[in-house]
1. Examine the stretch 308-324 for a residue that is in contact with a strand residue (DSSP E or B) (Cβ under 6 Å, 6 or more places away or on another chain), of a type in the set (Gly, Ala, Ser), under 30 Å from Thr433 (Cβ atoms) and modelled with pLDDT under 95, and state whether such a residue exists.
2. Check every one of the strands (runs of 3 or more DSSP E) wholly within the stretch 5-73 and list those with 3 or more residues that are in contact (Cβ under 8 Å) with a residue 60 or more places away in the chain and in contact with a Ser or Thr (Cβ under 8 Å, 6 or more places away or on another chain).
3. Checking the condition modelled with pLDDT of 90 or more and crowded, with 16+ Cβ neighbours inside 10 Å, which residue from Ile356, Ile336, Ile413 passes?
4. Could you tell me how many of the residues in the stretch 278-305 are touching a residue at least 40 places away in the same chain (Cβ under 8 Å), more than 25 Å from Ser225 (Cβ to Cβ) and touching a strand residue (DSSP E or B) at 6+ places or on another chain (Cβ under 8 Å)?
5. Please find, among Ala209, Ala281, the residue that is open to solvent by less than 30 Å² (accessible area, probe 1.4 Å) and farther than 25 Å from Ile327 by Cα.
6. In the list Asp448, Asp444, which residue meets the criterion of being among the acidic types (Asp, Glu), surrounded by 13 or more Cβ atoms within 10 Å (Cβ to Cβ) and part of a helix (DSSP H, G or I)?
7. Quick one: how many residues across the stretch 306-331 are of a type in the set (A, V, I, L, M, F, W, C), closer than 18 Å to Asp230 by Cα and open to solvent by less than 30 Å² (accessible area, probe 1.4 Å)?
8. Say we look at the stretch 247-277 and pick out the residues that are surrounded by fewer than 16 Cβ atoms within 10 Å (Cβ to Cβ) and under 26 Å from the mean Cα position of the chain (by Cα); which of these is farthest from Pro227 (Cα to Cα)?
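The values are calculated or read from the model by the stated rules, or taken from the named source; none is laboratory data. All of these numbers come straight from a predicted model, not from anything done at the bench. Cβ coordinates were reconstructed from backbone atoms using ideal geometry, including for glycine residues, and neighbour counts include every protein chain displayed. Side chains included, ligands, DNA and RNA excluded: accessible areas come from the protein's heavy atoms. Shrake-Rupley method; radii C 1.70, N 1.55, O 1.52, S 1.80 Å.
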Amino acid sequence: MKIIIVGCGKVGYSIAQELDREGHDIVVVDNKASAIHQITDNLDVMGVIGNGTSYTVLKEAGIEEASLLIAVTESDELNLLCCLFAKKAGNCETIARVRNLQYNEEINFIREKMGLSMTINPELETAVDMSRLIRIPTAIKVDTFANGKVELLKFQIPEDSILDNMLLINLNKMVKGQLLVCAVERHDQVFIPSGKFVLQAQDIISFLASPKTATQFFKEIGIISRPIKDTIIVGGGTLGIYLTSMLTKYGIKVKIIEQSLDKCNELSELFPEALIINGNASDNNLLIEEGIEEADAFVSLTNLDEENILLSIYAHKVSRAKVFTKITRLAFDDIISEMPLGVIVNPKLVTAERIIQHVRAMCNSKGSNVETLYKIVGNKVEALEFRVRNNNSIIGIPLEKLSLKPELLVGCINRYGKIIIPNGKDTIQIGDTVIIVTTITGLDDLNDILL
């Protein structure tokens, strides 16, 4: 598929990298030559230097043959204008990054009137994920499928847990088949486990279950966490604003530490129920004064990765808070994996994930579409939700009789609202949504699960 990406900042680079990895024909457009050179030197993509709202530039990029244009510049207005021009100059689908708080309230109107295929708000999407994790303190990551009826949760097995040295088949007996462990991270290795797999302390496991079953499971294994009642957020930018809005609605007390006095005044007007502190969070005395030692959650959202890392390490050292760390540069991956940074927050990866989900659905022409996609262990494992419309090769056949590819699990079947954690006797039917977890990346159709 030919895809044009307008805007070669961090988000544009990340999207280009993921789509290039999936084998698409990518053209990037930016008015900064340095940005174009950086991306074309590192990825197998074409580059065009110029303004994405120029018909001449779009034509040079191949808009007339493109299937999709993605506009992710720093300006919402420019992104929308790029998409409008692309619709007129070609016959492609369009995706715009729209971050402005005011536009967010009108996003459905904007999307409908401009004929956009999709709008993406990285900060809003990230805030939704974070608020979900704050409300489920035990998990390090929570993704949802089947309109919230199924959750994919990730957590680390603590020392002295009853799960240490437990056969996975015995865990399945304990939860009576209502839960499926679909991935295990152990050091640098990732496993799609069978029933004979033995769990160990410090393993990070990802499992599928209904919200009710997940809650019961944590109680069964002796992990009872107290609910988060107060949160300290460092940084009052767009992401901090979205997160504060969500947390205060759930009755969670929020304290925001922000260096800019003007920003503090703005935050005070937006959130009279929150406590806004004008100060530098890198001053540990300020953090102590503001109660970091007793906080239930600590969220570091400054614009500097290094500052966020240091603040989170300090929060981990002096408190029992659940820690969130915003990091936007992936070059740190190997280093930070060993640091006590809690939940890593990266809005640009959330953006890339959502866009790849849309592209996978566009690529499909066989009868089942990707409705939801999450990368649950970096780029090593994907969890995909397919809508089954017409798939003769697998419909009605017991799963145990299908020749499934290795390193792949049929994790869950949603049949008109009924959630099935399947065994070998279960079948897939037209109208189902099916969750597949696999180390085989790039699946865009349910038939692809077969050998």
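1. Taking every residue of the stretch 308-324 in turn, none turns out to be in contact with a strand residue (DSSP E or B) (Cβ under 6 Å, 6 or more places away or on another chain), of a type in the set (Gly, Ala, Ser), under 30 Å from Thr433 (Cβ atoms) and modelled with pLDDT under 95.
2. 68-71
3. Ile413 is the lone residue from the list that is modelled with pLDDT of 90 or more and crowded, with 16+ Cβ neighbours inside 10 Å.
4. Selection size over the stretch 278-305: 2.
5. Of the residues listed, the single one that is open to solvent by less than 30 Å² (accessible area, probe 1.4 Å) and farther than 25 Å from Ile327 by Cα is Ala209.
6. Only one candidate passes the filter, namely Asp448.
7. Summing the residues that are of a type in the set (A, V, I, L, M, F, W, C), closer than 18 Å to Asp230 by Cα and open to solvent by less than 30 Å² (accessible area, probe 1.4 Å) in the stretch 306-331 gives 5.
8. Among those that are surrounded by fewer than 16 Cβ atoms within 10 Å (Cβ to Cβ) and under 26 Å from the mean Cα position of the chain (by Cα), it is Lys249.
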